[in-house]
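Right, one structure below, let's go through it.
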Amino acid sequence: MLQDSVMETIIVVCSLLSLYTLSSGCHITISSNNGEDLKKCDDLNIKKMMDFVNSTITKQTQILQDVMTKDCQGRRIYKCVEDVANKKSTGQSSTLNPTAQFNSSHGVDGLFPSGSVHIIATHRERNPFWWVNLDKEYLVERVEIWNRKDCCAERTRNLDVTIGPTLNDMKLCAHYKGPSHKGEHLVLGCTKRMRGRYVKLQLQGTDYLNLLEIKVFAVKTCSN
């Protein structure tokens with residue numbers, strides 16, 4: 001699938017490069033971002049054509065640079081976005097009942113049962129939080145959250161997702177206003193990819209923090 005996407009991007013770039021050399025062809029039509037068709041042969045429209053083509057080539061080239069690279073043996077490898085939080089070290093501000101299955105580790109155990117098992121749950125407290133240690137720094141693209149299926153989903157609101165190299169040095173990736181719904185799957189993308197080792201979820205206000213599962217999707221290098 002990734003290879004198909006890369007090939008499509010290469011075809012687009014090559015097509016645009018060919019088009020670039022045909023600036024004198026008055027029959028060429030290019031649709032710009034605002035829907036305007038540029039057909040005329042006057043200098044102004046040719047300049048618009050070239051500006052649009054150059055911009056598109058730059059964007060497509062950046063996409064290729066983002067997804068392709070080579071290792072030290074010259075073999076082509078790809079950058080993939082994968083969950084890097086599964087079964088990693090976790091913590092939370094408190095645990096509702098340590099003898100039940102409310103521990104922080106259940107947030108990344110990969111299980112999606114119904115009911116109040118294999119979930120994370122803190123006490124009702126001010127600004128409760130949960131965090132995961134990814135073991136090393138990654139370029140994080142998004143965080144995905146699954147709400148518990150049985151009840152209490154409305155508690156997931158005013159939620160900050162922060163990322164950083166340490167728990168004392170975190171920056172905002174995304175904010176979810178909510179409230180959420182039972183069993184809802186939330187996809188919270190960072191405004192731009194953020195580098196960090198820790199990902200933290202924290203409610204702003206006084207309530208329980210209870211969630212079923214959390215996944216952190218980051219850029220990894222994957223062999224072809």
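The values are calculated or read from the model by the stated rules, or taken from the named source; none is laboratory data. This structure is a prediction, so every number in the text was calculated from the model and none was measured. Here the Cβ is made from the backbone with ideal geometry for all residues, glycine too, and neighbour counts use every protein chain on show.
Evaluating F129 against the criteria (1) of a type outside the set (S, T, Y); (2) touching a Ser or Thr at 6+ places or on another chain (Cβ under 6 Å); (3) more than 17 Å from G205 (Cβ to Cβ) leaves one unmet condition, (3).
Are any of the residues in the range 81-97 under 22 Å from S180 (Cα atoms) and at pLDDT below 95? Within the range 81-97, one or more residues are under 22 Å from S180 (Cα atoms) and at pLDDT below 95.
Restricting the range 131-153 to residues that are among the charged types (D, E, K, R), modelled with pLDDT of 95 or more and on the phi < 0 side of the Ramachandran plot, which is farthest from the chain's Cα centre (by Cα)? Once the filter is applied, the top-ranked residue is K136. Candidates in the range 98-114 are the residues that are out of contact with any Gly (no Cβ under 6 Å at 6 or more places or on another chain), under 18 Å from Y208 (Cα atoms) and surrounded by 12 or more Cβ atoms within 10 Å (Cβ to Cβ); of these, the one that is modelled with the lowest pLDDT is A100.
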